[in-house]
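These notes are about the structure you will find just below.
The values are calculated or read from the model by the stated rules, or taken from the named source; none is laboratory data. Predicted model only: the values in this text are computed from it and were never measured. Cβ coordinates were reconstructed from backbone atoms using ideal geometry, including for glycine residues, and neighbour counts include every protein chain displayed. Heads up: the accessible areas ignore ligands, DNA and RNA and are worked out on the full protein's heavy atoms, side chains in. Shrake-Rupley method; radii C 1.70, N 1.55, O 1.52, S 1.80 Å.
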Amino acid sequence: MTANSAAVVNPADAPIAIKLEALLNLQRIDSQLDEIRRVRGDLPEEVRDLEDEIAGYEARVKRFDEEISGLQDQIKQRKAATKEAEGLIKRYEEQQTNVRNNREYEAIAKEVELQRLEIQISDKKIKEAQYLIEQRNTEANVTRLRLDERRKDLDTKKAELDTIVAENEAEEKTLVTERETATQPVEDRLLTAYDRIRSNMRNRLAVVLVRRDACGGCFNTVPPQRQADIISHKKIIVCEHCGRILADVEGRAAVNA
């Protein structure tokens, strides 16, 4: 075998003791990352909620503006219709002076009446649109005030979060790098199980030691024979009560805590 063809060790072929040591180390790193992220508290979620709320207010203001613009267009159209009707009335009234009989006069009078009715309708529609514009402007202004308040809240929350993140950024990056290295001796199947157990535990502990004859996660008693099996490192053993991986027995460990 040449130097360039060195064999790649399959994580699945690694001894159980090495896998347990790697999992215990991985748990240590993840617990440190959890603590760093716990310091942030609810800030990340609060920032996301504020961003969603702001997006909702912005969309609402946009809808108000679009509705107001549409109503203003309607007013312009109605005013144009009124002007056109007034022009027709003037023309019809001029025509009335030149009619030859009552029939023509009445026909023109009917057209004048129709145009006056059109003007009345336009005036009514204009007033309705102006009333709606006033309402929408009031609602839009209230929404803009809330939007400004939420933007200030968001700026404050972001500043708090940025400060906390900056304080721990270097340590977090180091731990993330360490985590990538720590996962290498563990096969994907075991990592998947580890992640699943962690996600189901309130304290996020998936790998623990047996301490004082009890599981380090749920504190239920671990029988002596089972402790002996754990110490032997011949297979992966989980707590019968909580399902956590029992990596070793404190005080008699071949794997360091």
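Within the range 62-74, does at least one residue satisfy the condition of being among the small types (G, A, S), assigned to a helix (DSSP H, G or I) and over 30 Å from R144 (Cβ atoms)?
no
Hey, does the range 243-256 have a residue that's surrounded by fewer than 16 Cβ atoms within 10 Å (Cβ to Cβ), touching a His at 6+ places or on another chain (Cβ under 9 Å) and closer than 21 Å to L23 by Cα?
There is at least one residue in the range 243-256 that is surrounded by fewer than 16 Cβ atoms within 10 Å (Cβ to Cβ), touching a His at 6+ places or on another chain (Cβ under 9 Å) and closer than 21 Å to L23 by Cα.
Please count how many residues of the range 197-230 are under 24 Å from R37 (Cα atoms), among the basic types (K, R) and surrounded by 12 or more Cβ atoms within 10 Å (Cβ to Cβ).
Counting residues in the range 197-230 that are under 24 Å from R37 (Cα atoms), among the basic types (K, R) and surrounded by 12 or more Cβ atoms within 10 Å (Cβ to Cβ) gives 2.
For the range 163-177, indicate whether the set of residues that are over 29 Å from G41 (Cβ atoms), over 25 Å from the mean Cα position of the chain (by Cα) and surrounded by 11 or more Cβ atoms within 10 Å (Cβ to Cβ) is non-empty. It would help to see each step written out before you state the result.
Applying the first criterion (over 29 Å from G41 (Cβ atoms)) to the range 163-177 yields none.
Scanning the range 163-177 turns up no residue that is over 29 Å from G41 (Cβ atoms), over 25 Å from the mean Cα position of the chain (by Cα) and surrounded by 11 or more Cβ atoms within 10 Å (Cβ to Cβ).
Looking at the range 80-111, which of the residues that are under 60 Å from the mean Cα position of the chain (by Cα) and surrounded by 14 or more Cβ atoms within 10 Å (Cβ to Cβ) is farthest from K124 (Cα to Cα)?
L88
On the basis of being among the acidic types (D, E), surrounded by 14 or more Cβ atoms within 10 Å (Cβ to Cβ) and closer than 18 Å to Y131 by Cα, does E67 make the cut?
Considered against the rule, which asks whether it is among the acidic types (D, E), surrounded by 14 or more Cβ atoms within 10 Å (Cβ to Cβ) and closer than 18 Å to Y131 by Cα, E67 comes out as yes.
Check the range 115-129 and report whether any residue there is open to solvent by less than 80 Å² (accessible area, probe 1.4 Å), of a type in the set (A, V, I, L, M, F, W, C) and under 15 Å from F64 (Cβ atoms).
Yes, the range 115-129 contains at least one residue that is open to solvent by less than 80 Å² (accessible area, probe 1.4 Å), of a type in the set (A, V, I, L, M, F, W, C) and under 15 Å from F64 (Cβ atoms).
Answer yes if at least one residue in the range 188-196 is open to solvent by less than 70 Å² (accessible area, probe 1.4 Å), over 30 Å from D65 (Cβ atoms) and of a type in the set (S, T, Y), and no otherwise. Please lay out each step first, then the result.
Kept after step one, since they are open to solvent by less than 70 Å² (accessible area, probe 1.4 Å), are these residues of the range 188-196: 190-191, 193-194.
Next, only the ones that are over 30 Å from D65 (Cβ atoms) stay: 190-191, 193-194.
From the residues that got through so far, the ones that are of a type in the set (S, T, Y) too are 194.
Scanning the range 188-196, I find at least one residue that is open to solvent by less than 70 Å² (accessible area, probe 1.4 Å), over 30 Å from D65 (Cβ atoms) and of a type in the set (S, T, Y), so the answer is yes.
Residue pairs, Cβ under 7 Å, 6 or more apart or interchain, first in the range 26-38 and within 11 Å of R198 (Cα to Cα) and assigned to a helix (DSSP H, G or I), second open to solvent by less than 70 Å² (accessible area, probe 1.4 Å) and β-branched (V, I, T). List them.
Here the result reads Q27/V207, each pair linking the range 26-38 to a residue that is open to solvent by less than 70 Å² (accessible area, probe 1.4 Å) and β-branched (V, I, T).
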